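The values are calculated or read from the model by the stated rules, or taken from the named source; none is laboratory data. Values in this document were obtained by computation on a predicted structure and should not be read as measured data. Neighbour counts are summed over all protein chains in view; Cβ atoms, including those assigned to glycine, are modelled from backbone coordinates with ideal geometry.
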Amino acid sequence: MNPWMPRGTVYGTLLNFRREWDLWSARMTQDPHKAAPKASVLYVKTANTFCPAGQDLLLQDGVSEVDIGASLGLVIGDDGQVAGAALLNDWSVPHTSYYRPPVKFRCRDGFLGLPEQITPGKVQNWATLQIAVRRNGELVQTVDLQDLMRAMLRLLADVGEFMTLQPGDVLMVGTDCLTDGTRPRAKAGDRVEISASGFSTVTTHVKGQA
Amino acid sequence: MKHARIAWSGAIQQAVEADGQLLITQGPHKGRRVGFDEVVWLPPLSPVPQARTVIALGLNYADHAKELAFKAPEEPLAFMKGEASLIGHKALTKRPADVQYMHYECELAVVIGRTARHVKKADAYEYIAGYTVANDYAIRDYLENWYRPNLRVKNRDTCTPIGPWLVDAADVPNPMALKLQTTVNGKVTQSGSTADMIFDVPTLIEYFSSFMTLNPGDLILTGTPDGIVDCQPGDVIVTEIEGIGALTNTIVSA
């Protein structure tokens, strides 16, 4: 069986974990933001980012370090409802400004680590899911989906207010930060594993340009 | 050649423009001519095996950047859209009831023809399949300064009409000198030239392909010039680019 690939468009969600929201909240009303976000802050992971299970992430074009973005992607089924979910590694070039769209940070080749397969099920099954992030075998982060700002059903409803998710589309619920606001990072030579009970693990070897 | 993708006689058909009609080029109706008003116009894009990358540019005309009170950007201001926001020629676009300012954006849309990675500006035209017209509507009420322009402004259902034609690149000798014009209910409200882009098409292809792979069928919507106005339900908006086509759209209330 071929490893899973998204059939549709993959969307990501920014600032959807309470820890990062709280760290940002004092700055949200300052320039250039001027106000806290009202709508979900979303972005697109384009098809060139899809990195199927078993493929390495090659850091190139001047990128030497990447943020690890452990997330759960909700996969839309033929009836337009969530049919399953997948662990994903939503890699990004570390960036501290959330003002402009993150195309150069998030849409590079290979920047979405995919699992072998998705897990069928309903959103309710994953409300208390814990996702472990390991770098070279060492646990560097535990992501708890109870810490979402917009719980998954609410996020789906808010997104669906203006864009209809199509069969095959994937909506990632967000990535959490560490206590200091950064995300765990990886560089060439690292092996990164994202795992959770009941899900196919996303394992990526990070390589550098020779 | 001007290519269209249409629904007619219970199926999707490939067609080309021929003497003011659509000439079906494939399948059981090959050779049949049908009128522009007899068909449903779909986005003039062949299906692609994975999600189509739809890149859009903000502030890519000096006058529009000024109009929106920004200084011209030093590198392209790009955002991504989902393919589901695309609709065809002569379609309906929804305006929410509670908004004050929804405007069109007439844009030259570039369709990629070959896999592009690390392409030099001088070679960029070899990677283009053709051109079409896009109307990248925005609802400014929903603008927020987080990954701005945010998806609620720019990735709405029905808010990206595209078409009517995909015009072969070979038939557009200089895409950087085309007149653009928008009319609202027949009155000209926007007028400009692709010559005034800050980052021209070859520069954009070099820029994006420097960090990402562009695949055949991917789109670059290259931004809009000065002259945006609010559109109300019932308004008929025609975004037109010289030699590429005139894309008609009607606003309806949501």
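Taking (1) acidic (Asp, Glu); (2) at pLDDT below 95; (3) not assigned by TED's automatic domain parsing to the domain that holds B:ASN155 in turn, B:GLU75 satisfies each apart from (3). Scan the range A:22-76 for residues that are facing chain B (nearest Cβ under 8 Å) and of a type in the set (D, E, K, R) and the total you get is 3. Taken as a whole, the range B:157-168 holds no residue that is among the aliphatic types (A, V, I, L, M), closer than 21 Å to B:PHE79 by Cβ, at pLDDT 95 or above and touching a helix residue (DSSP H, G or I) at 6+ places or on another chain (Cβ under 7 Å). A search for C-beta distances below 6 Å between a residue of the range B:131-159 that is within 12 Å of chain A (Cβ to nearest Cβ) and any residue that is surrounded by fewer than 22 Cβ atoms within 10 Å (Cβ to Cβ) and basic (Lys, Arg), counting only pairs 6+ apart in sequence or on different chains, returns B:ASN145/A:LYS34; B:THR158/B:LYS94. If the condition is being more than 14 Å from chain B (Cβ to nearest Cβ) and of a type in the set (Gly, Ala, Ser), then the range A:82-102 contributes A:ALA83, A:GLY84, A:ALA85, A:ALA86. Figure legend. Inter-residue proximity from the range A:60-81: first residues at pLDDT 95 or above, second residues among the aromatic types (Phe, Trp, Tyr), beta-carbon distance below 8 Å, spacing 6+ or different chains. Indicated pairs: A:ASP61/B:PHE211; A:VAL66/A:TRP91; A:VAL66/A:PHE111; A:ASP67/A:TRP91; A:ILE68/A:TRP91; A:GLY69/A:TRP91; A:LEU72/A:TRP126. Could you please let me know if A:GLN141 is of a type outside the set (A, V, I, L, M, F, W, C), surrounded by fewer than 16 Cβ atoms within 10 Å (Cβ to Cβ) and over 27 Å from B:SER85 (Cα atoms)? Taking the combined requirement at face value, the residue does not satisfy it.
Taken together, B:VAL133, B:VAL110 contain a single residue that is closer than 25 Å to B:ARG5 by Cβ, in contact with a Cys (Cβ under 8 Å, 6 or more places away or on another chain), part of a strand (DSSP E or B) and assigned by TED's automatic domain parsing to the domain that holds B:GLU242, which is B:VAL133. The number of residues in the range A:164-187 that are crowded, with 18+ Cβ neighbours inside 10 Å, among the aliphatic types (A, V, I, L, M) and either away from every other protein chain (no Cβ under 14 Å) or under 26 Å from A:LEU58 (Cβ atoms) (or both) comes to 4.
Restricting attention to the range A:30-59, the residues that are touching a residue at least 24 places away in the same chain (Cβ under 8 Å), assigned to a loop (DSSP other than H, G, I, E, B) and over 24 Å from B:SER209 (Cβ atoms) add up to 6.
Any residue at all in the range A:52-59 that is touching a Leu at 6+ places or on another chain (Cβ under 7 Å) and closer than 25 Å to B:ALA56 by Cα? The answer is no, given that none of the residues of the range A:52-59 is touching a Leu at 6+ places or on another chain (Cβ under 7 Å) and closer than 25 Å to B:ALA56 by Cα.
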